[in-house]
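Input: a single structure, listed below in structure tokens.
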Amino acid sequence: MEKKVSVKVCLGTTCFVMGSANLQELLDTVPSRYGDKVDVTGVSCLGLCSIDWEYSKAPYVKVDDEIIKEATVEKVLKAIDEKLK
Ligand code: FES
């Protein structure tokens with residue numbers, strides 16, 4: 001079975017306030033760019049903001065088991081490209 005990359009965009013309150021609203025476009029961009037090789041979903045709090053809050057590294061996105069801090073669309077697409085190499 002072909003391996004799929006899983007992308008979870010945190011849309012919890014902290015990440016949302018810290019900019020994950022901008023990441024919602026990934027929910028459209030990723031499927032149109034990668035088709036069914038990548039599963040992208042918006043999730044509620046990944047639980048990372050409370051552990052790592054003092055560093056204010058939200059918003060967080062998880063690509064497989066890799067956590068992307070201060071996520072941007074560019075960073076997430078780059079991480080996906082790495083996984084698909
Ligand atoms: S709101 Fe994103 S990790 Fe908590």
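Details
- Residue-count net charge about residue 2 - beta-carbon cut-off 10 Å; Lys, Arg +1, Asp, Glu -1: +2
- Sulfur and carbon atoms: percent of accessible area, the chain [1.4 Å]: 51
- Across region 12-17, computed HN-Hα scalar couplings (Karplus, 6.51 cos²θ - 1.76 cosθ + 1.60, θ = phi - 60°) run x, 4, 4, 5, 4, 5 Hz from first to last residue, x flagging Gly and Pro.
- Debye equation applied to the C-alpha atoms of region 17-85, log10 I(q)/I(0) at 0.23, 0.24, 0.25, 0.28 Å⁻¹: -1.05, -1.13, -1.22, -1.46
- Contact order for the chain, expressed relative to its length and based on alpha carbon pairs under 8 Å spaced 6+ residues apart, stands at 36 percent.
- Net charge dipole size for region 5-84 [Lys, Arg +1 and Asp, Glu -1 on Cβ; Debye, nearest 20]: 40
- 222 nm mean residue ellipticity, helices alone, for the chain (DSSP H n ≥ 4; -39,500 (n - 2.57); rounded to 500): -9000 deg cm²/dmol
The values are calculated or read from the model by the stated rules, or taken from the named source; none is laboratory data. Owing to the predicted nature of the structure, the values given are computational and were not obtained by experimental measurement. Glycine also receives a Cβ, built like all others from the backbone with ideal geometry; neighbour counts cover every protein chain displayed. Ligands, DNA and RNA are stripped out before the accessible areas are found, and what is left, the full protein with its side chains, is counted by its heavy atoms. Shrake-Rupley method; radii C 1.70, N 1.55, O 1.52, S 1.80 Å.
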